[in-house]
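Remarks on the structure that follows.
The values are calculated or read from the model by the stated rules, or taken from the named source; none is laboratory data. If you're wondering where the values come from, they're calculated on a predicted model, not measured in any experiment. Counting neighbours? That spans all protein chains shown, and the Cβs are built from the backbone with ideal geometry, glycine included. Surface accessibility is based on the protein's heavy atoms, side chains included, excluding ligands, DNA and RNA. Shrake-Rupley method; radii C 1.70, N 1.55, O 1.52, S 1.80 Å.
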Amino acid sequence: MKKIAVIFGTRPDTIKMAPIIKELEHQTEHFNLITIATAQHRQMLDQVLDVFKIKPDYDLNIMKPLQTLATITKNTIEELDIIFEKEKPDLVLVQGDTTTTFVGSLAAFYRQIPVGHIEAGLRTNDKSNPFPEEINRRLTSTITDLHFAPTQTAKEALLAENVNPKNIFVTGNTVIDALSYSVKKDYVFSSDTLNKIIDQDKKIILVTMHRRENLGEPMKSACHAIKNLALSYKDYNIIFPVHLNPKVQDVAQSILGNIPNIFLIEPLDYLDFVNLMSKSYLILTDSGGVQEEGPHFGIPILVLREVTERPEAVEYGTVKLVGLDEHNIFTTADNLLNNEDEYIKMASAVNPYGDGLSSKRTIQIIKNYFQISNNPIIEFNPLAINEISDHIVLTENLEYENNF
Ligand code: UD1
Ligand code: UDP
């Protein structure tokens, strides 16, 4: 029996860790699972825990209004150390690039516990963009023993940093596993507000924004572009579930409040959000996860960032990097909404991020690491999705679950 401690704390790392947790829950003959929520987020974390029916074994409950990076770090590390000392896990799994991710890996390192990093190797090579995530990722990679890279590009970034190739595995991104369970054709939204907006039967432009480096002037500039779009395209509805950070709430409310076809709503629970995504016509976002989910539906995405650590969908053409300049955001969106050929070109559904089997691959790799099994690992390759998916399912002889 191997004891695996899984650490998470915010909305995105929990969504992406959920399929891994579900896989581990099905393998009780091999693994003793310990789930640890730092609760760097509270309400937005609880929404995800509810959807995926996860009840953390430990909940550090650290979130404070307007918390700083230092307080998240300080309030997390000692608590994790105490848990690790008591539980003595054989492996700690962290996901992504949040402060929870980095501190989770650091606390494991201090106790000399091996670390597996889910979604390893994303890089912009700009330490201020995204801030502080680029550095959280790099620091986590330095500590990590098993690097689960979602794409070949991510693997190459790790190789360029002299990570031992034997410890890097291209798994695809678990965000696509979560999507495969969650999007339904006949889905009924739980939010009444959303049902009323959707009943208006207008095309939907979906917006999300929250990045620390965009707070203040860059976010204001993007909001002015969105306001201009709303005034120019009254036959579209713009839906913006606003992140609970008061700095985001203030800017969004002050610039976009009281415009009839802009709906500033509470963060949606994951199921409502991804099903709304699947019905949207265009997405404007600075989110990392949304950039990976959009291409799954073939929905054009304008990314409100100067650089992205997710270049694959930009290369395939579903995603455009538009930055934070008001004029640039407006003209790119305007062009897309007016030019059907351009829209169709962007809307061609190619998904470079996963085939829904990333968590199964990850668990297979962990089993091999502990010599519980010795199965060949077929890495994720977006150009051979069907072939590989069949192979993995046959090799592992696992039933593909359709819901949580
Ligand atoms: C964090 C991550 C970021 C990730 C984002 C996902 C770090 C440094 N940042 O950024 O990588 O993209 O989560 O959303 O790890 N708040 C609430 N309730 C919640 C969540 C947040 O009120 O459920 C408010 C609080 O005032 C909190 C603030 O938002 O202090 C900021 O939260 P924090 O986790 O520090 O940063 P995010 O911008 O959410
Ligand atoms: N998401 C959600 N509700 C929302 C907005 C986003 O559940 O109102 C989900 C979305 O589907 C994606 C994840 O949250 O899986 C992205 O989180 P976020 O944008 O907060 O963080 P990032 O991915 O930028 O780190």
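Return yes or no: is residue 102 within 15 Å of ligand 2 (Cβ to nearest atom) and open to solvent by 50 Å² or more (accessible area, probe 1.4 Å)?
Spelling it out, it is not the case that residue 102 is within 15 Å of ligand 2 (Cβ to nearest atom) and open to solvent by 50 Å² or more (accessible area, probe 1.4 Å).
Quick check, is residue 287 in contact (Cβ under 8 Å) with a residue 24 or more places away in the chain and in contact with a Phe, Trp or Tyr (Cβ under 9 Å, 6 or more places away or on another chain)?
Criteria not met by residue 287.
Residue 141 is checked against (1) of a type in the set (S, T, N, Q); (2) in contact (Cβ under 8 Å) with a residue 40 or more places away in the chain; (3) crowded, with 17+ Cβ neighbours inside 10 Å and fails just one. What number does that condition carry?
Only one criterion is unmet by residue 141, namely (2).
Is it the case, given these coordinates, that residue 83 is modelled with pLDDT of 95 or more and either of a type in the set (Asp, Glu) or more than 19 Å from the chain's Cα centre (by Cα) (or both)?
Against the criterion (modelled with pLDDT of 95 or more and either of a type in the set (Asp, Glu) or more than 19 Å from the chain's Cα centre (by Cα) (or both)), residue 83 qualifies.
For the subset of segment 258-282 comprising residues that are open to solvent by less than 20 Å² (accessible area, probe 1.4 Å) and within 8 Å of ligand 2 (Cβ to nearest atom), which member is nearest to residue 49 (Cα to Cα)?
Top of the filtered list is 270.
Being within 16 Å of ligand 2 (Cβ to nearest atom) and open to solvent by less than 20 Å² (accessible area, probe 1.4 Å) is the filter; apply it to segment 227-250 and report the residue that is farthest from the chain's Cα centre (by Cα).
Step by step, filter segment 227-250, then rank; the result is 237.
Please count how many residues of segment 355-370 are within 11 Å of residue 30 (Cα to Cα) and either polar (S, T, N, Q) or more than 21 Å from the chain's Cα centre (by Cα) (or both).
3
Condition check: closer than 26 Å to residue 357 by Cβ and open to solvent by 30 Å² or more (accessible area, probe 1.4 Å). Does residue 126 satisfy that?
No, not satisfied.
Scan segment 6-62 for residues that are touching a residue at least 12 places away in the same chain (Cβ under 8 Å), in contact with a strand residue (DSSP E or B) (Cβ under 7 Å, 6 or more places away or on another chain) and charged (D, E, K, R) and jot them down.
Within segment 6-62, 13, 16, 57, 59 qualify.
Restricting attention to segment 63-77, which residues are over 17 Å from residue 105 (Cβ atoms), of a type in the set (A, V, I, L, M, F, W, C) and modelled with pLDDT of 95 or more?
Listed by number, the residues that qualify are 63, 70.
Restricting to segment 127-175, and then to whatever is charged (D, E, K, R) and within 20 Å of the chain's Cα centre (by Cα), can you tell me which residue is nearest to residue 379 (Cα to Cα)?
It comes out as 155.
Would you confirm, using the coordinates I've provided, whether residue 314 is open to solvent by 30 Å² or more (accessible area, probe 1.4 Å) and either away from ligand 1 (no atom under 14 Å from the Cβ) or touching a Gly at 6+ places or on another chain (Cβ under 7 Å) (or both)?
Spelling it out, residue 314 is indeed open to solvent by 30 Å² or more (accessible area, probe 1.4 Å) and either away from ligand 1 (no atom under 14 Å from the Cβ) or touching a Gly at 6+ places or on another chain (Cβ under 7 Å) (or both).
One residue is enough: does segment 283-300 have a residue meeting the conditions more than 17 Å from the chain's Cα centre (by Cα), open to solvent by 10 Å² or more (accessible area, probe 1.4 Å) and not aliphatic (A, V, I, L, M)?
Looking through segment 283-300, none of the residues is more than 17 Å from the chain's Cα centre (by Cα), open to solvent by 10 Å² or more (accessible area, probe 1.4 Å) and not aliphatic (A, V, I, L, M).
Across segment 1-55, which residue is least open to solvent (accessible area, probe 1.4 Å) among those that are basic (Lys, Arg) and part of a loop (DSSP other than H, G, I, E, B)?
Restricting to residues being basic (Lys, Arg) and part of a loop (DSSP other than H, G, I, E, B), the top hit is 42.
State all residues of segment 80-99 that are in a helix (DSSP H, G or I) and either closer than 29 Å to residue 212 by Cβ or within 16 Å of ligand 2 (Cβ to nearest atom) (or both); if no residue qualifies, say none.
Within segment 80-99, 80, 81, 82, 83, 84, 99 meet the criteria.
Would you mind telling me which numbered condition in (1) within 18 Å of residue 200 (Cα to Cα); (2) modelled with pLDDT of 95 or more; (3) of a type outside the set (A, V, I, L, M); (4) open to solvent by 10 Å² or more (accessible area, probe 1.4 Å) residue 320 fails?
Looking at each condition in turn, residue 320 falls short on (1).
Checking residue 335 against (1) open to solvent by less than 50 Å² (accessible area, probe 1.4 Å); (2) more than 11 Å from ligand 2 (Cβ to nearest atom); (3) more than 25 Å from residue 155 (Cα to Cα): exactly one of these is not met. Which one?
It is condition (1) that residue 335 fails.
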